[in-house]
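Quick notes on the structure that follows.
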């Protein structure tokens with residue numbers, strides 16, 4: 001027959017520490033570390049004796065307590081005689097205990113709320129049962145074949161309409177195309193091609209630019225001659241090697 | 001208190017509250033009735049007052065951002081004879097874990113354990129299973145640990161209107177403790 005002792009079970013080392021501080025009625029900011037750590041270790045050994053399984057956290061806290069105790073025993077005065085204001089080694093632990101106590105108190109408040117709330121009963125709704133009573137409306141309930149056909153027709157029309165819209169690719173004229181075009185036009189007009197006429201009928205700005213660039217290019221290569229007979233007058237374009245054109249141009253002017 | 005609405009609206013709201021298993025917000029009701037939310041609030045107050053005046057067996061409970069009919073606490077002993085009692089209450093460990101989450105959310109498991117000084121796996125599991133907390137993404141920290149937050153079920157369980165309704169703690173004390181640690 002095993003003799004059983006009831007000892008309070010603690011949630012963790014913090015809980016046990018709080019209990020010891022309460023029991024000894026000590027100031028949390030001035031913990032008698034020697035007293036508390038010896039009582040703490042006493043609890044641990046008692047727990048071990050009665051086969052109470054303790055988690056490793058309890059041992060970790062025991063180490064912390066002993067380490068604080070050791071640091072407090074060390075002389076604060078350095079050999080040189082210099083006064084060193086060291087932090088109280090207990091401070092970190094105190095902060096942790098305070099924070100833990102805060103939440104432990106709130107947990108107590110929660111316990112009360114839980115109890116109060118357990119006395120209130122709200123209706124439990126059996127949603128599955130309700131769904132059976134109120135079957136969801138069939139979204140296709142009122143639809144006849146004719147509606148389906150009409151809808152299909154609508155879709156088809158929409159597709160047709162969409163086909164009418166076509167994208168027109170922008171016409172692209174390369175410089176070489178334009179040069180060829182001008183050379184051809186010059187061949188057609190040996191008597192001189194009007195600069196003004198070359199540009200009439202052009203609708204795209206890019207084409208105007210390319211045309212002008214083509215003229216510049218032809219001129220740079222020395223393939224054409226440009227002549228303006230009077231100030232602000234029309235410029236005439238000739239093939240350079242087309243002597244006849246030049247002659248006739250001279251005669252015209 | 002006379003209102004500008006047909007008396008029917010109050011009756012409709014009562015009906016909605018009666019069939020709803022979840023707290024109904026004034027906004028939801030105003031959406032259903034197509035009535036201004038402020039007016040719904042007035043009508044809800046009237047319904048609440050009616051229940052009190054007539055000392056009905058139920059009252060209008062404001063909880064988790066909405067309203068729901070609830071029986072009076074003093075009738076609990078009789079009700080418990082009629083229907084099976086609630087689930088077991090939470091353990092001290094679960095309550096402490098819940099307390100830390102509710103004030104620190106979103107919070108990781110290791111942050112909770114830092115405060116409690118013990119492992120929290122099982123209490124986290126318990127309150128998760130009861131639907132009182134939920135995951136809230138992951139923290140951008142080494143290991144990308146899971147973050148936890150409380151749910152509206154938590155508000156209902158604790159009888160809170162919203163998180164602002166949580167018991168006020170000595171904020172300075174907590175802040176100090178948090179800063180120092």
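Label point of residue B:54 set 7 angstrom out along Cα-Cβ; within region B:14-33, amide nitrogens under 15 Å from it belong to B:14-18. Placing dummy labels 7 Å off each Cα toward the beta-carbon, the span from residue A:125 to residue A:138 is 2.6 nm. Spacing of the modelled spin labels on residue B:27 and residue B:88, each 7 Å from Cα toward Cβ, amounts to 3.8 nm. Here region A:148-192 has an Rg and Dmax of 23.9, 72 Å, counting Cα atoms alone.
Averaged over its residues, how many other protein chain Cβ atoms are within 10 Å of peptide B:69-75's Cβ atoms? Show your work: numbers first, answer last.
Numbers: counts 3, 6, 5, 3, 7, 1, 3.
Whole-number average of other-chain Cβ neighbours for B:69-75 is 4.
Once you have the Cα-Cα distance between residue B:164 and residue B:144, take 0.36 nm times their residue separation minus that, and quote the gain in nm to one decimal. Full extension of this stretch gives 4.3 nm more.
Just tell me how shielded B:94-105 is by partners: mean number of partner chain Cβ atoms within 10 Å of each residue's Cβ, no decimals.
Values: counts 2, 11, 12, 3, 5, 10, 7, 1, 3, 3, 1, 0.
For this peptide, the per-residue mean of nearby foreign Cβ atoms is 5.
Take the Cβ-Cβ distance between residue A:30 and residue B:110 as r, set R0 to 30 Å, and report the resulting FRET efficiency rounded to the nearest 0.05. All intermediate terms of the calculation are to be shown ahead of the outcome.
Working: r = 31 Å, r/R0 = 1.02.
The computed FRET efficiency comes out at 0.45.
Over the residues of region A:141-245, compute the C-alpha Rg and express it relative to 2.2 N^0.38 Å. Walk me through the numbers before you get to the answer.
Working: Rg = 26.6 Å, N = 105, 2.2 N^0.38 = 12.9 Å.
Against the empirical 2.2 N^0.38 Å value, I get 2.06 for region A:141-245.
Shape analysis of region B:92-172 based on the Cα gyration tensor places the equivalent ellipsoid semi-axes at 19, 14, 13 Å, largest first.
Placing dummy labels 7 Å off each Cα toward the beta-carbon, the span from residue A:212 to residue A:91 is 8.0 nm. Using the Cβ-Cβ distance between residue B:125 and residue A:160 with R0 set to 56 Å, the FRET efficiency works out to roughly 0.35.
Multiplying the sequence separation of residue A:147 and residue A:41 by 0.36 nm and subtracting their Cα-Cα distance, what value in nm do you get?
Details: separation 106, 0.36 × 106 = 38.16 nm, distance 8.49 nm.
So the chain would gain 29.7 nm between residue A:147 and residue A:41.
Among A:203-216, A:90-103, sorting by the average number of other beta carbon atoms lying within 10 angstrom of each residue, highest first, gives A:90-103, A:203-216.
Note on region A:94-184: percent of Cα-Cα distances in each 10 Å bin, starting at 0 and stopping at the bin with the largest distance, equals 10, 11, 11, 11, 10, 10, 13, 12, 6, 5, 0.
Whole number please: convex hull volume per residue of the Cα set in chain B, in Å³?
Numbers: hull volume 31.3 nm³, N = 181.
Normalising the Cα hull of chain B by residue number yields 173 Å³.
Using packing as a proxy for protection, rank B:35-46, A:63-74 so that the peptide with the highest average count of other Cβ atoms within 10 Å comes first. Please report the intermediate quantities before stating the final value.
Numbers: B:35-46: 16.8, A:63-74: 14.3.
Ranked from most to least packed, the peptides come out as B:35-46, A:63-74.
Counting Cβ atoms of other protein chains within 10 Å of each Cβ in B:150-161 and taking the mean gives 2.
Rg/Rh, computed from the Cα trace of region B:41-132 with Rh as the Kirkwood radius, has the value 1.13.
All of the numbers you see were taken from the coordinates with simple rules; none came from a lab. Computed from a prediction, not measured in an experiment: that's the story for all the values here. Methodologically, a virtual Cβ is constructed for each residue, glycine included, from the backbone with ideal geometry; neighbour enumeration extends over all protein chains shown.
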